[in-house]
1. Counting only heavy atoms of the protein chains, get the accessible area per residue of the chain (1.4 Å probe) and round it to a whole Å² value.
2. Ordered by residue, what ³J(HN,Hα) values in Hz, to whole numbers, does segment 272-286 give under the Karplus form 6.51 cos²θ - 1.76 cosθ + 1.60, where θ = phi - 60° and Gly and Pro are x?
3. Could you please state, rounded to a whole Å, how far the C-alpha centre of segment 71-128 is from the C-alpha centre of segment 19-61?
4. So if R0 is 22 Å, what FRET efficiency would residue 188 and residue 135 give, r being the distance between their Cβ atoms, rounded to the nearest 0.05?
5. Given the options 232, 13, 395, which has the most mean-square fluctuation in a GNM of the chain, springs set between C-alpha atoms less than 10 angstrom apart?
6. For segment 71-317, just say rounded, prolate or oblate: build the C-alpha gyration tensor, square-root its eigenvalues into a ≥ b ≥ c, call rounded for a/c under 1.5, and beyond that prolate if a/b exceeds b/c, oblate if not.
7. Using +1 at the C-beta of Lys and Arg and -1 at the C-beta of Asp and Glu, which of 234, 182, 172 has the Cα lying farthest in the positive direction of the dipole of segment 83-240?
8. Give a residue-ordered list of calculated ³J(HN,Hα) values for segment 371-380 (Karplus: 6.51 cos²θ - 1.76 cosθ + 1.60, θ = phi - 60°; whole Hz; x for Gly, Pro).
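The values are calculated or read from the model by the stated rules, or taken from the named source; none is laboratory data. None of these values were measured; they are calculated from a predicted model. Every residue, glycine as well, gets a Cβ built from its backbone with ideal geometry; the counts of neighbours run over all protein chains shown. The accessibility values were calculated without ligands, DNA or RNA, using every heavy atom of the protein model including side chains. Shrake-Rupley method; radii C 1.70, N 1.55, O 1.52, S 1.80 Å.
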Amino acid sequence: MKRTQSQDLFRQALKQIPGGVNSPVRACKSVGSEPLFIDRAVGCFIYDADGNRYIDYVGSWGPMILGHRHAAVIQAVREVLERGTSFGAPTDLEVELAARIIEAVPSVEMVRMVNSGTEAVMSAIRLARGFTGRDGILKFDGCYHGHADALLVEAGSGVATLGIPGSPGVPQSVAAHTLSLPYNDPQRFRDAMRQHGDTIACVIVEPVAGNMGLVSPRPGFLETLREETEKAGSLLIFDEVMTGFRVAYGGAQSLYGITPDLTTFGKIIGGGMPVGAYGGKRDIMEHIAPQGPVYQAGTLSGNPMAMAAGIATLKEIRHAGFYDALEEKSKRLAEGLEKAAAGAGISVTIDRVGSMMGMFFNSGPVTCFSEAKASDTALFGRYYNGMLEKGIYLAPSQFEALFVSSAHNVEHIDETIRAAEEVMAALKSESG
Ligand code: KE4
(Lines give C-alpha, C1' and ligand atoms only; values in the text may rest on other atoms or scores of the structure.)
Protein backbone atom coordinates (compact mmCIF):
# COMPACT_ATOMS: atom_id res chain seq x y z
CA MET A 1 0.00 0.00 0.00
CA LYS A 2 1.16 3.55 -0.84
CA ARG A 3 1.72 5.48 2.36
CA THR A 4 3.75 8.50 1.23
CA GLN A 5 1.35 11.04 2.75
CA SER A 6 1.58 9.40 6.15
CA GLN A 7 5.37 9.16 5.83
CA ASP A 8 5.69 12.84 4.93
CA LEU A 9 3.39 13.88 7.75
CA PHE A 10 5.34 11.70 10.17
CA ARG A 11 8.64 13.34 9.10
CA GLN A 12 7.08 16.75 9.78
CA ALA A 13 5.53 15.63 13.06
CA LEU A 14 8.85 14.26 14.31
CA LYS A 15 10.27 17.77 14.20
CA GLN A 16 7.46 19.26 16.27
CA ILE A 17 6.05 16.55 18.54
CA PRO A 18 8.02 14.08 20.71
CA GLY A 19 8.11 10.82 18.76
CA GLY A 20 5.82 12.44 16.19
CA VAL A 21 2.73 11.44 18.18
CA ASN A 22 0.61 12.83 20.97
CA SER A 23 0.42 9.49 22.76
CA PRO A 24 3.22 6.89 22.81
CA VAL A 25 1.12 3.83 21.99
CA ARG A 26 0.41 5.36 18.55
CA ALA A 27 4.10 5.35 17.63
CA CYS A 28 4.13 1.75 16.31
CA LYS A 29 7.80 1.46 17.36
CA SER A 30 7.31 -1.94 19.00
CA VAL A 31 5.96 -3.43 15.74
CA GLY A 32 8.78 -1.95 13.64
CA SER A 33 6.39 0.30 11.80
CA GLU A 34 5.47 3.96 11.52
CA PRO A 35 2.10 5.47 12.48
CA LEU A 36 -0.55 5.91 9.81
CA PHE A 37 -1.93 9.42 9.75
CA ILE A 38 -5.70 9.13 9.61
CA ASP A 39 -7.77 11.27 7.31
CA ARG A 40 -11.29 10.17 8.29
CA ALA A 41 -13.39 7.27 9.49
CA VAL A 42 -16.95 6.03 9.14
CA GLY A 43 -18.65 2.97 10.55
CA CYS A 44 -16.03 0.26 11.08
CA PHE A 45 -13.67 1.79 8.50
CA ILE A 46 -10.75 4.12 8.97
CA TYR A 47 -8.97 5.83 6.03
CA ASP A 48 -5.35 6.96 6.14
CA ALA A 49 -3.91 10.11 4.56
CA ASP A 50 -3.17 8.15 1.36
CA GLY A 51 -6.79 7.03 1.08
CA ASN A 52 -6.14 3.42 2.09
CA ARG A 53 -9.13 1.81 3.85
CA TYR A 54 -8.88 -0.46 6.86
CA ILE A 55 -11.33 -2.33 9.04
CA ASP A 56 -10.72 -0.68 12.41
CA TYR A 57 -10.37 -2.77 15.60
CA VAL A 58 -8.72 -0.02 17.65
CA GLY A 59 -11.84 2.15 17.78
CA SER A 60 -9.82 5.04 19.21
CA TRP A 61 -8.69 2.59 21.98
CA GLY A 62 -12.23 1.80 23.05
CA PRO A 63 -14.62 4.80 22.77
CA MET A 64 -16.05 3.95 19.34
CA ILE A 65 -18.38 1.12 20.38
CA LEU A 66 -20.89 2.43 17.80
CA GLY A 67 -18.24 2.73 15.11
CA HIS A 68 -17.16 6.07 13.66
CA ARG A 69 -19.50 8.98 12.89
CA HIS A 70 -22.65 7.28 14.14
CA ALA A 71 -25.52 9.48 12.93
CA ALA A 72 -27.02 9.96 16.40
CA VAL A 73 -23.70 11.07 17.88
CA ILE A 74 -22.88 13.46 15.06
CA GLN A 75 -26.39 14.92 15.20
CA ALA A 76 -26.15 15.43 18.96
CA VAL A 77 -22.84 17.28 18.62
CA ARG A 78 -24.16 19.37 15.73
CA GLU A 79 -27.14 20.44 17.85
CA VAL A 80 -25.07 21.35 20.89
CA LEU A 81 -22.69 23.40 18.74
CA GLU A 82 -25.67 25.66 18.02
CA ARG A 83 -25.67 26.45 21.77
CA GLY A 84 -21.92 27.00 22.07
CA THR A 85 -18.79 24.99 22.84
CA SER A 86 -17.93 25.69 26.48
CA PHE A 87 -19.38 27.84 29.23
CA GLY A 88 -17.39 26.98 32.36
CA ALA A 89 -20.76 26.67 34.06
CA PRO A 90 -23.13 23.76 34.65
CA THR A 91 -25.55 22.65 31.93
CA ASP A 92 -28.54 20.32 31.72
CA LEU A 93 -26.37 17.90 29.73
CA GLU A 94 -24.10 17.17 32.71
CA VAL A 95 -27.13 16.37 34.83
CA GLU A 96 -28.44 13.99 32.15
CA LEU A 97 -25.18 12.12 31.64
CA ALA A 98 -24.67 11.82 35.40
CA ALA A 99 -28.18 10.39 35.72
CA ARG A 100 -27.55 7.86 32.96
CA ILE A 101 -24.31 6.65 34.54
CA ILE A 102 -25.95 6.39 37.98
CA GLU A 103 -28.90 4.52 36.52
CA ALA A 104 -26.59 2.10 34.66
CA VAL A 105 -24.18 1.38 37.53
CA PRO A 106 -25.90 0.85 40.93
CA SER A 107 -22.65 1.21 42.93
CA VAL A 108 -22.40 4.79 41.65
CA GLU A 109 -24.64 7.12 43.69
CA MET A 110 -22.78 10.31 42.73
CA VAL A 111 -20.40 11.04 39.86
CA ARG A 112 -18.00 13.82 38.87
CA MET A 113 -17.09 14.49 35.24
CA VAL A 114 -13.48 15.17 34.23
CA ASN A 115 -11.61 15.21 30.91
CA SER A 116 -9.71 11.93 30.67
CA GLY A 117 -9.37 8.51 32.25
CA THR A 118 -6.08 9.60 33.81
CA GLU A 119 -7.81 12.52 35.48
CA ALA A 120 -10.60 10.25 36.69
CA VAL A 121 -8.16 7.80 38.27
CA MET A 122 -5.93 10.53 39.70
CA SER A 123 -8.97 12.11 41.35
CA ALA A 124 -10.34 8.81 42.65
CA ILE A 125 -6.97 8.01 44.23
CA ARG A 126 -6.84 11.44 45.90
CA LEU A 127 -10.41 10.94 47.15
CA ALA A 128 -9.54 7.51 48.57
CA ARG A 129 -6.53 8.97 50.37
CA GLY A 130 -8.57 11.91 51.66
CA PHE A 131 -11.43 9.67 52.78
CA THR A 132 -9.27 7.05 54.55
CA GLY A 133 -6.43 9.30 55.74
CA ARG A 134 -4.01 6.70 54.36
CA ASP A 135 -1.32 7.10 51.65
CA GLY A 136 -0.79 3.56 50.31
CA ILE A 137 -2.07 2.38 46.92
CA LEU A 138 -2.12 -1.20 45.70
CA LYS A 139 -2.33 -1.94 41.95
CA PHE A 140 -1.56 -4.93 39.73
CA ASP A 141 1.35 -5.53 37.34
CA GLY A 142 0.36 -4.86 33.74
CA CYS A 143 -2.70 -2.83 34.62
CA TYR A 144 -2.64 0.68 33.21
CA HIS A 145 -4.59 3.42 34.91
CA GLY A 146 -3.39 6.45 32.97
CA HIS A 147 -0.18 8.38 33.46
CA ALA A 148 -0.62 9.93 36.92
CA ASP A 149 2.65 9.66 38.89
CA ALA A 150 1.44 7.23 41.51
CA LEU A 151 0.28 4.70 38.94
CA LEU A 152 3.27 4.50 36.61
CA VAL A 153 4.56 1.51 38.54
CA GLU A 154 4.68 -1.80 36.63
CA ALA A 155 2.09 -0.25 34.30
CA GLY A 156 0.71 -1.77 31.14
CA SER A 157 -0.26 -0.21 27.78
CA GLY A 158 2.38 2.12 26.37
CA VAL A 159 4.66 1.72 29.41
CA ALA A 160 4.78 -2.04 28.79
CA THR A 161 4.93 -1.65 25.00
CA LEU A 162 7.97 0.62 25.19
CA GLY A 163 9.54 -1.37 28.02
CA ILE A 164 9.85 1.72 30.22
CA PRO A 165 10.68 0.43 33.75
CA GLY A 166 8.41 2.97 35.44
CA SER A 167 8.97 6.51 34.37
CA PRO A 168 11.74 9.00 35.12
CA GLY A 169 10.22 12.05 36.73
CA VAL A 170 8.18 10.09 39.25
CA PRO A 171 9.78 10.87 42.61
CA GLN A 172 10.77 7.81 44.63
CA SER A 173 8.82 9.36 47.49
CA VAL A 174 5.68 9.02 45.38
CA ALA A 175 6.37 5.58 43.93
CA ALA A 176 7.16 4.32 47.44
CA HIS A 177 3.49 4.55 48.33
CA THR A 178 2.47 2.28 45.46
CA LEU A 179 2.60 -1.50 45.75
CA SER A 180 2.10 -3.57 42.59
CA LEU A 181 1.28 -7.28 42.71
CA PRO A 182 0.68 -9.99 40.10
CA TYR A 183 -2.85 -9.97 38.62
CA ASN A 184 -4.97 -13.08 39.32
CA ASP A 185 -2.93 -14.10 42.39
CA PRO A 186 -5.37 -13.95 45.35
CA GLN A 187 -2.91 -15.46 47.83
CA ARG A 188 -0.21 -12.86 47.12
CA PHE A 189 -2.88 -10.22 47.56
CA ARG A 190 -4.14 -11.65 50.85
CA ASP A 191 -0.57 -11.80 52.19
CA ALA A 192 0.12 -8.20 51.15
CA MET A 193 -3.11 -6.94 52.71
CA ARG A 194 -2.35 -8.80 55.92
CA GLN A 195 1.03 -7.06 56.04
CA HIS A 196 0.14 -3.58 54.73
CA GLY A 197 -3.66 -3.39 54.75
CA ASP A 198 -3.87 -0.74 57.47
CA THR A 199 -1.77 1.64 55.33
CA ILE A 200 -3.62 1.01 52.06
CA ALA A 201 -6.04 3.78 51.05
CA CYS A 202 -7.24 1.91 47.99
CA VAL A 203 -6.79 -1.10 45.78
CA ILE A 204 -7.27 -0.22 42.12
CA VAL A 205 -7.83 -2.86 39.49
CA GLU A 206 -8.93 -3.21 35.89
CA PRO A 207 -11.73 -5.75 36.49
CA VAL A 208 -10.90 -7.08 33.03
CA ALA A 209 -7.29 -6.20 32.26
CA GLY A 210 -7.09 -4.63 28.79
CA ASN A 211 -3.62 -3.09 28.93
CA MET A 212 -1.38 -6.14 28.97
CA GLY A 213 -3.26 -7.64 26.07
CA LEU A 214 -6.56 -8.93 27.42
CA VAL A 215 -6.44 -10.92 30.66
CA SER A 216 -9.76 -11.80 32.27
CA PRO A 217 -10.12 -12.20 36.02
CA ARG A 218 -9.95 -15.84 37.13
CA PRO A 219 -12.75 -17.02 39.46
CA GLY A 220 -12.24 -15.75 42.99
CA PHE A 221 -9.76 -13.01 42.17
CA LEU A 222 -12.11 -10.01 42.22
CA GLU A 223 -14.08 -11.53 45.11
CA THR A 224 -10.85 -11.71 47.15
CA LEU A 225 -10.10 -8.06 46.44
CA ARG A 226 -13.55 -7.13 47.74
CA GLU A 227 -13.28 -9.30 50.87
CA GLU A 228 -9.81 -8.16 51.86
CA THR A 229 -10.42 -4.45 51.24
CA GLU A 230 -13.58 -4.66 53.36
CA LYS A 231 -11.54 -6.22 56.18
CA ALA A 232 -8.75 -3.66 55.93
CA GLY A 233 -10.94 -0.57 55.58
CA SER A 234 -9.37 0.17 52.19
CA LEU A 235 -11.47 1.34 49.26
CA LEU A 236 -11.83 -0.90 46.20
CA ILE A 237 -11.63 1.09 42.97
CA PHE A 238 -12.71 -0.55 39.71
CA ASP A 239 -10.99 1.20 36.87
CA GLU A 240 -13.69 0.80 34.21
CA VAL A 241 -12.31 3.42 31.85
CA MET A 242 -12.08 0.67 29.22
CA THR A 243 -14.65 -1.88 30.45
CA GLY A 244 -17.34 0.63 31.45
CA PHE A 245 -20.30 0.32 29.04
CA ARG A 246 -17.99 -1.88 26.92
CA VAL A 247 -18.38 -5.38 28.35
CA ALA A 248 -21.95 -4.68 29.54
CA TYR A 249 -24.16 -1.63 30.02
CA GLY A 250 -23.45 -1.92 33.75
CA GLY A 251 -19.73 -2.49 33.15
CA ALA A 252 -17.58 -5.37 34.38
CA GLN A 253 -18.96 -4.99 37.91
CA SER A 254 -22.38 -6.05 36.61
CA LEU A 255 -20.86 -9.11 34.90
CA TYR A 256 -18.90 -10.30 37.95
CA GLY A 257 -21.35 -9.19 40.63
CA ILE A 258 -18.81 -7.18 42.64
CA THR A 259 -19.66 -3.82 44.18
CA PRO A 260 -16.61 -1.52 44.29
CA ASP A 261 -16.49 1.61 46.43
CA LEU A 262 -15.45 3.84 43.52
CA THR A 263 -15.46 3.39 39.76
CA THR A 264 -13.61 5.33 37.11
CA PHE A 265 -14.94 5.81 33.60
CA GLY A 266 -13.81 7.30 30.29
CA LYS A 267 -13.82 6.49 26.57
CA ILE A 268 -17.38 5.30 25.72
CA ILE A 269 -19.14 7.83 28.02
CA GLY A 270 -17.73 10.59 25.84
CA GLY A 271 -18.55 9.00 22.49
CA GLY A 272 -15.10 9.95 21.18
CA MET A 273 -14.90 13.36 22.84
CA PRO A 274 -12.42 14.07 25.69
CA VAL A 275 -14.02 12.72 28.84
CA GLY A 276 -13.53 10.91 32.13
CA ALA A 277 -15.61 10.42 35.25
CA TYR A 278 -15.35 8.93 38.72
CA GLY A 279 -18.16 8.00 41.03
CA GLY A 280 -19.29 5.81 43.86
CA LYS A 281 -20.96 5.75 47.23
CA ARG A 282 -22.52 9.00 48.31
CA ASP A 283 -20.76 9.14 51.69
CA ILE A 284 -17.42 8.92 49.90
CA MET A 285 -18.18 11.25 46.97
CA GLU A 286 -19.47 13.93 49.37
CA HIS A 287 -15.84 14.47 50.37
CA ILE A 288 -15.16 16.07 46.97
CA ALA A 289 -15.05 19.87 46.78
CA PRO A 290 -17.04 22.00 47.00
CA GLN A 291 -19.19 19.66 49.12
CA GLY A 292 -16.15 18.33 50.99
CA PRO A 293 -12.47 19.15 51.41
CA VAL A 294 -10.86 16.92 48.73
CA TYR A 295 -10.06 19.27 45.89
CA GLN A 296 -10.49 18.45 42.21
CA ALA A 297 -11.41 20.80 39.37
CA GLY A 298 -11.31 21.29 35.58
CA THR A 299 -11.98 24.09 33.11
CA LEU A 300 -13.64 21.80 30.58
CA SER A 301 -15.11 19.22 32.93
CA GLY A 302 -18.62 18.35 31.81
CA ASN A 303 -18.00 20.05 28.48
CA PRO A 304 -21.28 20.29 26.50
CA MET A 305 -19.87 18.59 23.38
CA ALA A 306 -18.50 15.62 25.31
CA MET A 307 -21.71 15.35 27.31
CA ALA A 308 -23.85 15.44 24.15
CA ALA A 309 -21.73 12.79 22.41
CA GLY A 310 -21.75 10.65 25.56
CA ILE A 311 -25.50 10.89 26.08
CA ALA A 312 -26.16 10.01 22.43
CA THR A 313 -23.84 7.01 22.72
CA LEU A 314 -25.40 5.70 25.92
CA LYS A 315 -28.88 6.10 24.43
CA GLU A 316 -27.89 3.88 21.50
CA ILE A 317 -26.10 1.14 23.43
CA ARG A 318 -28.97 0.87 25.93
CA HIS A 319 -31.22 -0.59 23.22
CA ALA A 320 -32.29 -4.20 23.86
CA GLY A 321 -30.10 -6.69 22.06
CA PHE A 322 -27.18 -4.30 21.52
CA TYR A 323 -24.74 -6.36 23.59
CA ASP A 324 -26.10 -9.70 22.37
CA ALA A 325 -25.37 -8.70 18.79
CA LEU A 326 -21.88 -7.53 19.74
CA GLU A 327 -21.28 -10.80 21.59
CA GLU A 328 -22.22 -12.88 18.56
CA LYS A 329 -19.87 -11.03 16.20
CA SER A 330 -17.03 -10.91 18.73
CA LYS A 331 -17.34 -14.65 19.40
CA ARG A 332 -17.28 -15.32 15.64
CA LEU A 333 -14.11 -13.25 15.28
CA ALA A 334 -12.33 -14.88 18.23
CA GLU A 335 -13.16 -18.38 16.99
CA GLY A 336 -12.06 -17.48 13.46
CA LEU A 337 -8.73 -16.08 14.63
CA GLU A 338 -8.17 -19.16 16.81
CA LYS A 339 -8.83 -21.44 13.81
CA ALA A 340 -6.57 -19.35 11.58
CA ALA A 341 -3.67 -19.71 14.00
CA ALA A 342 -4.31 -23.41 14.58
CA GLY A 343 -4.50 -23.98 10.82
CA ALA A 344 -1.00 -22.56 10.49
CA GLY A 345 0.29 -24.38 13.54
CA ILE A 346 0.98 -21.10 15.35
CA SER A 347 0.43 -21.07 19.14
CA VAL A 348 -1.83 -18.28 20.28
CA THR A 349 -3.90 -17.70 23.41
CA ILE A 350 -7.06 -15.68 22.94
CA ASP A 351 -8.87 -14.15 25.88
CA ARG A 352 -12.13 -12.28 25.41
CA VAL A 353 -14.84 -10.57 27.43
CA GLY A 354 -17.65 -9.36 25.23
CA SER A 355 -16.40 -7.13 22.42
CA MET A 356 -12.90 -6.63 23.82
CA MET A 357 -10.32 -9.33 23.24
CA GLY A 358 -6.63 -10.06 23.01
CA MET A 359 -4.52 -12.58 21.11
CA PHE A 360 -1.17 -13.50 22.66
CA PHE A 361 1.46 -15.19 20.51
CA ASN A 362 1.99 -17.57 23.36
CA SER A 363 0.87 -21.14 24.00
CA GLY A 364 -0.61 -19.94 27.29
CA PRO A 365 -2.19 -19.86 29.71
CA VAL A 366 -1.84 -16.09 30.11
CA THR A 367 -3.23 -15.05 33.48
CA CYS A 368 -0.86 -12.24 34.46
CA PHE A 369 1.69 -9.74 33.18
CA SER A 370 4.78 -11.97 33.48
CA GLU A 371 3.03 -14.63 31.38
CA ALA A 372 1.89 -11.98 28.88
CA LYS A 373 5.45 -10.68 28.57
CA ALA A 374 6.62 -14.17 27.57
CA SER A 375 4.68 -13.76 24.30
CA ASP A 376 6.52 -13.65 20.99
CA THR A 377 6.26 -9.90 20.40
CA ALA A 378 8.40 -10.11 17.24
CA LEU A 379 5.92 -12.58 15.74
CA PHE A 380 3.08 -10.30 16.86
CA GLY A 381 4.82 -7.46 15.00
CA ARG A 382 4.96 -9.48 11.77
CA TYR A 383 1.29 -10.44 12.24
CA TYR A 384 0.34 -6.80 12.85
CA ASN A 385 2.09 -5.61 9.69
CA GLY A 386 0.72 -8.48 7.64
CA MET A 387 -2.82 -7.65 8.71
CA LEU A 388 -2.27 -3.96 7.99
CA GLU A 389 -1.23 -4.81 4.44
CA LYS A 390 -4.53 -6.68 4.10
CA GLY A 391 -6.51 -3.66 5.30
CA ILE A 392 -7.01 -4.69 8.93
CA TYR A 393 -6.13 -2.03 11.50
CA LEU A 394 -5.12 -3.55 14.86
CA ALA A 395 -3.56 -1.98 17.95
CA PRO A 396 0.21 -1.83 17.28
CA SER A 397 1.17 -3.70 20.43
CA GLN A 398 0.94 -7.18 21.91
CA PHE A 399 -0.07 -5.42 25.14
CA GLU A 400 -3.29 -3.84 23.91
CA ALA A 401 -6.82 -5.09 23.27
CA LEU A 402 -8.94 -5.35 20.13
CA PHE A 403 -12.45 -3.86 20.04
CA VAL A 404 -15.48 -4.85 17.97
CA SER A 405 -18.15 -2.21 17.37
CA SER A 406 -21.80 -2.42 16.36
CA ALA A 407 -20.70 -1.07 12.96
CA HIS A 408 -18.73 -4.29 12.24
CA ASN A 409 -21.02 -6.72 10.41
CA VAL A 410 -20.50 -10.41 9.65
CA GLU A 411 -18.91 -9.62 6.26
CA HIS A 412 -16.28 -7.46 7.94
CA ILE A 413 -15.62 -10.14 10.55
CA ASP A 414 -15.27 -12.83 7.88
CA GLU A 415 -12.97 -10.61 5.80
CA THR A 416 -10.79 -10.19 8.88
CA ILE A 417 -10.70 -13.93 9.49
CA ARG A 418 -9.70 -14.59 5.88
CA ALA A 419 -6.92 -12.02 6.19
CA ALA A 420 -5.71 -13.71 9.37
CA GLU A 421 -5.69 -17.11 7.67
CA GLU A 422 -3.48 -15.73 4.87
CA VAL A 423 -1.16 -13.85 7.23
CA MET A 424 -0.76 -16.79 9.60
CA ALA A 425 0.00 -19.10 6.65
CA ALA A 426 2.65 -16.63 5.46
CA LEU A 427 4.16 -16.41 8.95
CA LYS A 428 4.31 -20.19 9.08
CA SER A 429 6.05 -20.49 5.73
CA GLU A 430 8.51 -17.70 6.71
CA SER A 431 9.44 -19.61 9.84
CA GLY A 432 10.03 -22.70 7.67
P1 KE4 B 1 -6.84 8.31 29.26
O2 KE4 B 1 -6.12 9.29 30.20
O3 KE4 B 1 -5.92 7.81 28.17
O4 KE4 B 1 -8.18 8.84 28.76
O5 KE4 B 1 -7.25 7.03 30.15
C6 KE4 B 1 -6.25 6.35 30.87
C7 KE4 B 1 -6.71 4.94 31.14
C8 KE4 B 1 -7.15 4.61 32.41
N9 KE4 B 1 -7.58 3.37 32.71
C10 KE4 B 1 -7.62 2.40 31.75
C11 KE4 B 1 -8.11 1.04 32.13
C12 KE4 B 1 -7.20 2.69 30.43
O13 KE4 B 1 -7.24 1.70 29.50
C14 KE4 B 1 -6.74 3.97 30.11
C15 KE4 B 1 -6.24 4.34 28.73
N16 KE4 B 1 -6.12 3.28 27.79
C17 KE4 B 1 -5.09 3.43 26.79
C18 KE4 B 1 -5.19 2.25 25.82
N19 KE4 B 1 -4.72 1.05 26.38
C20 KE4 B 1 -5.17 4.74 26.09
C21 KE4 B 1 -4.38 4.83 24.80
C22 KE4 B 1 -3.29 5.86 24.91
O23 KE4 B 1 -2.61 5.91 25.95
O24 KE4 B 1 -3.10 6.58 23.90
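1. I get 40 Å² per residue for the chain.
2. x, 9, x, 7, x, 7, 9, x, x, 4, 4, 5, 8, 4, 5
3. 27
4. Step by step, r from the Cβ atoms, then E = 0.55.
5. The residue with the greatest mean-square fluctuation here is 13.
6. prolate
7. So the residue we want is 172.
8. 5, 4, 5, 7, 5, 7, 5, 5, 5, 4
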